[in-house]
Amino acid sequence: MTCLRLMGAGLLLLAGGVAQADPCKIAIDSNDMMQFSVRELAVPTNCTDVEVTLRHAGQLPAKVMGHDWVLAKDSDMSAIVNAGLAAGLSHGFLPENDKRIIAATKVVGGGESTTVKFSTAALVQGARYAFFCTSPGHSAVMRGKFVFGGTTRVAQTGK
Ligand SMILES: [Cu+2]
């Protein structure tokens, strides 16, 4: 663990401030292939706030291959995706003032990035949460599990 932490600190220096060392800050990549770079995320319960940065490493514009990062209870995902579809791109594929949405970024296109910071006050340890993209059709593959509790974990998808 100590070894990993040191490696993390080294990477932090190399990356010039990419915040992987702070367990309450998470960075995720996405691309033109309709993929998130991670399929599972976890943050420790002592994070009162969590900051998620979504980068789009592709080149396609938001109206063609836009991505967002939305957090909700696993059981609310489908309903939010459907409501987002009805809302359309002009509303970031998200229903307005929807209490089921715990956190959401705006939609970004290739080369852009966006950050959302949210309170963990409403999160319950052990509950099932999901993160997903609400662009039409994307959540079929652009989704993952979010765990509140335990050490920060960013499980990479196999490439
Ligand atoms: Cu997407």
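Of Ala104, Ala122, Ala140, Ala130, all but one fail to be of a type in the set (A, V, I, L, M), within 16 Å of the ligand (Cβ to nearest atom) and surrounded by fewer than 16 Cβ atoms within 10 Å (Cβ to Cβ); the exception is Ala140. Just wondering, is there one or more residues in the range 100-116 that are over 17 Å from Val50 (Cα atoms), more than 12 Å from the chain's Cα centre (by Cα) and of a type in the set (Lys, Arg)? Scanning the range 100-116 turns up at least one residue that is over 17 Å from Val50 (Cα atoms), more than 12 Å from the chain's Cα centre (by Cα) and of a type in the set (Lys, Arg). When His56 is tested against (1) away from the ligand (no atom under 11 Å from the Cβ); (2) surrounded by 17 or more Cβ atoms within 10 Å (Cβ to Cβ); (3) not charged (D, E, K, R), only condition (1) is not met. Annotation note: of Met33, Met77, the sole residue that is under 13 Å from Gly144 (Cα atoms), out of contact with any Cys (no Cβ under 8 Å at 6 or more places or on another chain) and among the hydrophobic types (A, V, I, L, M, F, W, C) is Met77.
Laboratory data are not the source of any read-out in this text; all were calculated from the coordinates shown. Keep in mind the model is a prediction, meaning the values are calculated, not measured. Neighbour counts run over all protein chains shown; Cβ positions are idealised from the backbone, glycine included.
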